[in-house]
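The values are calculated or read from the model by the stated rules, or taken from the named source; none is laboratory data. Just so we're clear, the structure is a prediction, and the values are computed from it rather than from any experiment. All Cβ positions, even for glycine, are placed from backbone atoms using ideal geometry, and neighbour counts span all protein chains on display.
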Amino acid sequence: MRVVLITTPPDVANDIARRLVDEGRAACVNVVPGATSHYRWEGTLHADAESLLIAKVAAARVDALIARAVEIHPYDNPEVVALDVVAASADYRDWVRSAGA
């Protein structure tokens, strides 16, 4: 099981989350509004309002989720980062593994 973090503009966060779940790329995606991202892009310092998507996915499907998230994301270089899950409740882990395509 993996957790994939994706930052998005607030106005597209719910659409991206729904699409990833509807298309079977993720078992579940939480949308956390109200994040502010501070970063340097093309030599300029930015501070932008964003939403954080937290996607849960079976390890075998993480590459497909990442590819699709990048494809439908409006940014040129979106943050899409997969993290290993060290532990999870057995029932939830099994559900994530069985959900999706």
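Brief remarks follow.
- Lone unmet requirement of (1) closer than 13 Å to MET1 by Cβ; (2) among the aliphatic types (A, V, I, L, M); (3) in a helix (DSSP H, G or I); (4) under 15 Å from the mean Cα position of the chain (by Cα) for ALA60: (4)
- If you filter the stretch 74-92 down to residues that are aliphatic (A, V, I, L, M) and part of a strand (DSSP E or B), you find that the one that is nearest to ASN14 (Cα to Cα) is VAL80.
- Within the stretch 69-77, at least one residue is at pLDDT 95 or above and buried (at least 17 other Cβ atoms within 10 Å of the Cβ).
- Residue, farthest from ASP84 (Cα to Cα), within the stretch 9-65, restricted to residues that are β-branched (Val, Ile, Thr) and surrounded by 14 or more Cβ atoms within 10 Å (Cβ to Cβ): VAL12
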